[in-house]
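The values are calculated or read from the model by the stated rules, or taken from the named source; none is laboratory data. These numbers were taken from a predicted model, which means no experiment stands behind them. Cβ sites come from the backbone with ideal geometry, for glycine too, and all protein chains shown count toward neighbours.
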Amino acid sequence: MEIISQHGHILLVMACLFGFFMAWGVGANDVANAMGTSVGSRALTVKQAIIIAMIFEFAGAYLAGGEVTSTIRKGIIDPAVMAGTPELLVYGMMAALLAAGTWLLVASMMGWPVSTTHSIVGALVGFAAVGIGVDAVSWGKVGSIVASWVVSPILAGTISFGLFMSVQKLILNTATPFANAKKYVPMYMFLVGFMIAMVTLLKGLKHVGIEVDLGLGSKFANAMPIAAVIGLMVAGIGKIFLNRVKDESIPSNRNRFGNVEKLFAVLMVFTACAMAFAHGSNDVANAVGPLAAVVSVIGSGGDIAAKSALPGWVLLLGGGGIVLGLATYGFKVMGTIGKKITELTPSRGFAAELGAATTVVLASATGLPISTTHTLVGAVLGVGLARGIGALNLRVISTIFMSWIITLPAGAGLAIVFFYLFKGIFG
């Protein structure tokens, strides 16, 4: 308690800096992956992808980021173990943020698409198990999070596979693909608008003090009609853009689906917005979860609360860091998922992006901290498998899997070093 009262302000400033650094890493590494499909399929330029991501990542982080944040903070470490020594929790959370941020900086410089969720969870488990004691880690929670890392790519791959097969059946493998694309693409746009609206209404608006109540009973029932209206509006706006695309004659040496792909390029602008929003809502927790714990402990003078309100400025800090990371260094790893796993066209990129976004939104709505990187790689693999295993670059996939395996011990090792460093300085 004495250390908290003596050095509380310094510790809080340091925690904010490390939290911002970690959020920068999320932007530089993870968001680049989320936008890679749009850039790889040439639906968006790098500059357009960065602008879209900056707007929708920030909106997702601020409007819908709170639910997952509480899962990361409360679930992995048992706060009761450190009730008498709250400064250890503060050192540990600071060490976890600095360790995960450092690893993400290294990975981004090398161009490796790694998991920010792996990085922060590994760091939290490392400091708690070695610095406090094995009992401090809620291993059951860790087990469920590890299971979600397996479930999320399989779920995203399955959804993406199904979406692309529906595109083939309804549009590509028909006698009039362009006419059918104009008919069915607005339906996919409705799904994008509906999904973003649902997660915002169910989990997000409480952060800005808005409560939706149509008198239909449950929160889910109240959100459904509003989300449906928003989905219809998105489909309507999309249809206006689609009507501007003309069915031009295509030379025999070019892709016969060229005109159809132009329509999907329009759709990918909408799915890119959905993916950025979904990613912001889920992955802001990796940066602001540990920071929120530090703010809570220092603000209460050393009292470790099982649950505390998440200040709005903490979400703003996290959202701002993500945006800055993407704008300054996001280009470095954007090409890996977009170009190296499998060849992407706008129709394939759409299926991968919407499948991944749907999985992330489901996770955000249930508070499960999944890895967006795993989800997106799973989605791209699902789309690639729809054309046969020969369409996948297995060498690149094996390299990505290896970087995932390294991430957990790297995060844990760095966190242990930083934890003892802070303990030595302040303790």
Against the definition (among the basic types (Lys, Arg) and in contact (Cβ under 8 Å) with a residue 24 or more places away in the chain), how does Lys47 come out, yes or no?
no
Scan segment 368-400 residue by residue and report those that are in contact with a Ser or Thr (Cβ under 6 Å, 6 or more places away or on another chain) and either at positive phi or without any contact (Cβ under 8 Å) to a residue 60 or more places away in the chain (or both).
Gly384, Ala391, Leu392
Inspect all residues belonging to segment 76-86 and state whether any of them is among the acidic types (Asp, Glu) and part of a helix (DSSP H, G or I).
no
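Quick one: in segment 366-391, which of the residues that are over 13 Å from the mean Cα position of the chain (by Cα) and buried (at least 18 other Cβ atoms within 10 Å of the Cβ) is modelled with the lowest pLDDT? Let's see the steps before the verdict.
Step one: filter segment 366-391 for residues over 13 Å from the mean Cα position of the chain (by Cα), giving 366, 378-391.
Pick out the ones that are also buried (at least 18 other Cβ atoms within 10 Å of the Cβ) and you get 378-384, 386.
Numbers: Gly378: 89, Ala379: 90, Val380: 87, Leu381: 88, Gly382: 90, Val383: 89, Gly384: 87, Ala386: 82.
Among them, the one singled out is Ala386.
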Could you list all residues from segment 315-351 that are modelled with pLDDT of 85 or more, crowded, with 23+ Cβ neighbours inside 10 Å and closer than 30 Å to Ile3 by Cβ?
Gly318, Gly321
Residue count, segment 392-411, condition more than 21 Å from the chain's Cα centre (by Cα) and crowded, with 20+ Cβ neighbours inside 10 Å, comes to 0
Looking at (1) surrounded by fewer than 24 Cβ atoms within 10 Å (Cβ to Cβ); (2) modelled with pLDDT of 80 or more, which is the only condition Asp247 fails?
(2)
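Out of curiosity, is Ala136 in contact with a Gly (Cβ under 7 Å, 6 or more places away or on another chain) and not aromatic (Phe, Trp, Tyr)?
Working: in contact with a Gly (Cβ under 7 Å, 6 or more places away or on another chain): no; not aromatic (Phe, Trp, Tyr): yes.
The answer is no for Ala136.
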Conditions: (1) closer than 24 Å to Lys340 by Cβ; (2) in contact with an Asp or Glu (Cβ under 7 Å, 6 or more places away or on another chain); (3) not aromatic (Phe, Trp, Tyr). Pro113 meets all but one. Number of the miss?
(2)
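Looking at segment 100-118, which of its residues are in contact with a Ser or Thr (Cβ under 8 Å, 6 or more places away or on another chain) and assigned to a helix (DSSP H, G or I)?
Of segment 100-118, the ones in contact with a Ser or Thr (Cβ under 8 Å, 6 or more places away or on another chain) are 100, 103-104, 107, 111-118.
Hits for segment 100-118 are Ala100, Trp103, Leu104, Ala107, Thr116, Thr117, His118.
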Extreme residue, surrounded by the most Cβ atoms within 10 Å (Cβ to Cβ), among residues of segment 250-294 that are at pLDDT 80 or above and among the aromatic types (Phe, Trp, Tyr)
Phe277
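Give me a count of the residues in segment 111-153 that are on the phi > 0 side of the Ramachandran plot and either in contact with a His (Cβ under 6 Å, 6 or more places away or on another chain) or buried (at least 18 other Cβ atoms within 10 Å of the Cβ) (or both).
0
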Selection count, segment 400-411, where residues are within 13 Å of Gly92 (Cα to Cα) and out of contact with any Leu (no Cβ under 9 Å at 6 or more places or on another chain):
0
Odd one out for Val360, checked against (1) over 13 Å from Ile154 (Cα atoms); (2) buried (at least 19 other Cβ atoms within 10 Å of the Cβ):
(1)
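Would segment 293-315 turn up any residue that is under 17 Å from the mean Cα position of the chain (by Cα) and part of a helix (DSSP H, G or I)? Talk me through it step by step, then tell me what you get.
Filtering segment 293-315 down to residues under 17 Å from the mean Cα position of the chain (by Cα) leaves 315.
Keeping just the survivors that are part of a helix (DSSP H, G or I) gives 315.
The answer is yes, given that some residue of segment 293-315 is under 17 Å from the mean Cα position of the chain (by Cα) and part of a helix (DSSP H, G or I).
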Given the criteria touching a helix residue (DSSP H, G or I) at 6+ places or on another chain (Cβ under 7 Å) and farther than 27 Å from Lys219 by Cα, does Val361 qualify?
no
